[in-house]
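These notes are about the structure you will find just below.
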């Protein structure tokens, strides 16, 4: 099983390495929109890190007036096809240290067919994400994401969720496509295949991963837990690097240098965070990640049969990936009265996607074995694991280090 699994991972991992990765959050802001009749009140919260991007140097803080003018020119509302003029603001509000808080009020020609728009920061950081919390005219709350490709949100009239009338099979299809279009999640699944020596081991890791992501997907979509999207993206990448590092430790029978190297990198990033050197993740998260990584790699590297331990560890990994799956759903206005059906369908689709990836990998292994196209096991192990570590660290550092 192990030889077959490793045989297929190399070409697939190479493909994921050279393909462009999905855009992930490295820059973010938050907005709150409140609709009262034909009036829309916007409260925009901008971290100082993002506000600095408005200066010529990228390091100086803008004045409140400059930030307000920038937001007023790029955020607004529509009633049908007619613009809603700015009636009040921009006005500076009190904010917690490290943030700007601006208020703008738009007066629309009518209260029908309302839409809100945002183009703020996309000209500076194309991957920027704005987390919008919206209260519509009926007092109902929902959340949406503004991204470079999704700059307009309907909140009344034609603003009903596109998923409201969707069938169960559409929810399933969404889950399947999330696996097939998410290179990081697919790479992680191939990594699970790579570390599985037997079919039983593969069942353990897939079970743990499924339990984990099912739990956090439900918690995130239902609003019980809503972690920072940037942190989740970075942790997803770290899990990929961990899977590759485990394979290196297993192949060399020397897990200690591998564990110390990965943990040392995380501790170095934590020190850079303390020194203010452009690291976005919290210090304690980096330290905790370093301790977890070292402990996990040493534990699995010293055990003769780590299959059952991986059930628990991949459950932890699944918890992280579940929040990553949720970010895809949160880009849409979810039908609150059909969340249970949506979650079941989406989860089923994710499982179908995962099983397809695994079975597809094994099918290609079988075909290559019949054609005698195998590669030496030690060479394959080194190359495949190195690609996993390199891919994971590339994404992790790209989602952790802020340039400029």
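Values in this text are rule-based calculations from the coordinates and carry no lab data. Keep in mind that this is a model prediction, so the values were computed, not measured. Counting neighbours? That spans all protein chains shown, and the Cβs are built from the backbone with ideal geometry, glycine included.
Structure data summary
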{"item": "Fewest-first sequence of 281, 397 by Cβ atoms within 10 Å of each Cβ", "result": "397, 281"}
{"item": "Ranking of 118, 280 by count of other Cβ atoms within 10 Å, fewest first", "result": "280, 118"}
{"item": "Modelled FRET efficiency - R0 25 Å, residue 112 with residue 30, Cβ distances, 0.05 increments", "result": "0.35"}
{"item": "Computed E for residue 81/residue 348 - FRET, C-beta separation, R0 41 angstrom, nearest 0.05", "result": "0.55"}
{"item": "Relative contact order [Cα under 8 Å, 6+ residues apart], the range 29-147, whole percent", "result": "32 percent"}
{"item": "Distance in nm between pseudo-label sites at residue 133 and residue 397 (7 Å out along the Cβ direction from Cα)", "result": "3.6 nm"}
{"item": "q = 0.18, 0.21, 0.22 Å⁻¹: log10 I(q)/I(0) that the Debye formula gives for the range 29-147, counting C-alpha atoms only", "result": "-0.91, -1.20, -1.30"}
{"item": "FRET efficiency estimate (nearest 0.05) - Cβ-Cβ, residue 291 to residue 252, R0 25 angstrom", "result": "0.70"}
{"item": "Rel. contact order, % - alpha carbon contacts under 8 angstrom, at least six apart, the range 203-322", "result": "51 percent"}
{"item": "Global form of the range 211-292, assessed from the alpha-carbon gyration tensor, a/c cut-off 1.5", "result": "oblate"}
{"item": "Relative contact order (%) - criterion: Cα under 8 Å, at least six apart; region: the range 244-309", "result": "39 percent"}
